[in-house]
Every structure is written in structure tokens, then in C-alpha cells.
Amino acid sequence: MTEETPGFEEKPDVPSGATPDDAEPQAAPSPEEGAAPAGDVNAQITGLTAQLDQTRTALGERTADLQRLQAEYQNYRRRVERDRIAVKEIAIANLLTELLPVLDDIGRAREHGELVGGFKSVAESLETVAAKMGLQQFGKEGEPFDPTIHEALMHSYAPDVTETTCVAILQPGYRIGERTIRPARVAVAEPQPGAQTVKTAEETDAAADDKESGGPDEG
């Protein structure tokens, strides 16, 4: 029979090195204590969504700025290129304008049979260089008079023309591309004042004869 010592209670065995508190079981935390409240999670999601929207808006604005700058740069390049070409054309036109009297002298020498020898070689070389730079000569006898490219220095009437016509080229015109740097100076002839009236009367009589005879004969 075992005797119990008064004043002492039996305690569970405690591993060596452990305190008595370790032997007591501890209550597990409840799920409600370990998880964040649902309201906090929703607030975080809302905040992240707002930040994402702000980032997308900022990205769209920067993209629009970049596209606008690119368009402005392209317009600037086109404008610079257009100005460069215009300046070049003006410079060439000014140079060739100064050479027009020389080309006129060459043309007159050619008409009089004086373009011979070394002078002929130099003259033809000058004309070739001017043509390579874009200089074009215009003005021919028999073409209709155009006040935008012709300058009439002489005027007459002729029975064999039906409109104002260039009958003589006193000085050829020159252009570079679509730009006229000197109009052709010409002598023009107009139909005689009564020629059109007579022609109209003749056409009227012929039409009347056709009407009386029942029209022209049909084959």
C-alpha cells in the first residue's frame, strides 16, 4: 500500500529543460483573429484599382504627347525640306536669269550663221549646262497667244487666223519647271474684224439652203 505524502500533488512529467508552463496546453487562435477583416481587403483592392486607372490615364496622356511631338517633327522636316527646295530653285532661277542675255546672243548668232568654231563649242556647252539645271525654252510660231506666258510686242490682223495667234517669236521665253522666269516676246495677229461676220453670214445662208432642200442628201 502506497502512502501519499500530505501537502503534495502529483504533476505530469515535464521533459528535461522545459518549464512547467510548457506542459500546459495552449489554446489555438481562432480563424477570426488570424484573418484580416473583409473591409480592409476591399479597401486595398479599391486602392490598387484606382492606382491602376491613374497609371493607365498617365500612360495614355504620355502616348498622346509622344504622337503629337512626332507629328510636329514630321511637319517640321517636311517644311524644312520644302524651304530648302524653294531656296535652291530661287537661287538657280536668279543665276539663269542673269544668263538669259547671253543665251539670246547665242540664239541670234545661230540665226545669222555666226555660231562657228570654238565659239560654237562654248555656246553649246553653256546651253547644255543650263538645260541640266532645268531651264526650258518655249515659244513657237503658230501657237495660240496666251497672256500668262506670252508678251505681245507687235499686233496685226490676218485673214488666215481664227484666233489671236503668235505669228513671230521676237525673243524666246524660258521657264524652270512650272515657273516662268521670262515670257516669250511675240508678234501676234488677230482675225480681221469683218472676217468672222462674213463667215457667219455664209454659214447662215448654207443652213437656210439645207433647210429649203430638206437637209443634206443622205447616201
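Going through segment 143-163 one residue at a time, which ones are part of a strand (DSSP E or B), open to solvent by less than 100 Å² (accessible area, probe 1.4 Å) and over 26 Å from ARG179 (Cβ atoms)? Residues satisfying the conditions are SER156, ALA158.
Mind telling me which of the residues ALA130, ALA93 ends up being under 34 Å from the mean Cα position of the chain (by Cα), in contact (Cβ under 8 Å) with a residue 40 or more places away in the chain and surrounded by 12 or more Cβ atoms within 10 Å (Cβ to Cβ)? Full working, then the answer.
Details: ALA130 fails: in contact (Cβ under 8 Å) with a residue 40 or more places away in the chain.
It is ALA93.
For segment 110-127, the set of residues classified as open to solvent by 80 Å² or more (accessible area, probe 1.4 Å), more than 18 Å from PRO172 (Cα to Cα) and part of a helix (DSSP H, G or I) consists of PHE119, LYS120, VAL122, listed by residue number. In segment 69-88, the qualifying residues are those that are under 16 Å from ARG179 (Cβ atoms) and open to solvent by 100 Å² or more (accessible area, probe 1.4 Å), and the one that is farthest from the chain's Cα centre (by Cα) is LYS88. If LEU66 passes every condition in (1) in a helix (DSSP H, G or I); (2) of a type in the set (A, V, I, L, M); (3) within 30 Å of PRO172 (Cα to Cα) but one, which one does it miss? All conditions pass for LEU66, except number (3).
Whether a residue is touching a residue at least 12 places away in the same chain (Cβ under 8 Å) and farther than 30 Å from PRO191 by Cα was assessed, and LEU100 passes this test.
The values are calculated or read from the model by the stated rules, or taken from the named source; none is laboratory data. Remember, predicted model here, so these are calculated numbers, not experimental data. Here the Cβ is made from the backbone with ideal geometry for all residues, glycine too, and neighbour counts use every protein chain on show. For the accessible areas, the whole protein counts, side chains as well, though only heavy atoms, and no ligand, DNA or RNA atoms are used. Shrake-Rupley method; radii C 1.70, N 1.55, O 1.52, S 1.80 Å.
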